[in-house]
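Have a look at the structure below, then the notes.
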């Protein structure tokens, strides 16, 4: 089991990296939860390819949690250089909204002039912590889904606990019983 846990690192890096990058890109981040669940599924896919034993739901959960944590780090690192683009996009949306809305919240003009909300270190750390918790839960869900998806492939690859009886042998045995 110890060997299998060390093999979870690379699949978690791949799944979490893909999910984190996709969830950090403006406009694509609207599907953030879907990307994180997909990252957990991707991590299970790669773990399934590298492991000779059938995966358990616990394995899927653990690699999904690791994938969610990697996605948190990737999302944070990618969103830093994209922050000016994201702030400009939000400012454009707010300006469009102001054209059609009768009343906007007090102080929104100053918010637009500053280029977005002021961000403190504690607010950034709180955001990372919240993302880590949410992404871990969604990654675990993706890991569980991934194990249930890829479990059928293990049966086809020669799992000893699954007995596959060809259709021809069933008909031969049935005809032997009918002749007696």
Given the condition part of a helix (DSSP H, G or I), surrounded by fewer than 21 Cβ atoms within 10 Å (Cβ to Cβ) and out of contact with any helix residue (DSSP H, G or I) (no Cβ under 9 Å at 6 or more places or on another chain), answer yes or no: does some residue in region 37-46 qualify?
no
What do you reckon, is residue 17 in contact (Cβ under 8 Å) with a residue 60 or more places away in the chain, within 12 Å of the chain's Cα centre (by Cα) and within 24 Å of residue 86 (Cα to Cα)?
no
Which is modelled with pLDDT of 55 or more and under 19 Å from residue 23 (Cα atoms), of 134, 144?
134
Give just the number: which of (1) over 17 Å from residue 74 (Cβ atoms); (2) in a helix (DSSP H, G or I) does residue 12 not satisfy?
(1)
Out of the residues in region 48-96 that are exposed (fewer than 13 other Cβ atoms within 10 Å of the Cβ) and part of a loop (DSSP other than H, G, I, E, B), which is nearest to the chain's Cα centre (by Cα)?
56
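The values are calculated or read from the model by the stated rules, or taken from the named source; none is laboratory data. Remember, it's a predicted structure, so these values are computed and weren't measured experimentally. Here the Cβ is made from the backbone with ideal geometry for all residues, glycine too, and neighbour counts use every protein chain on show.
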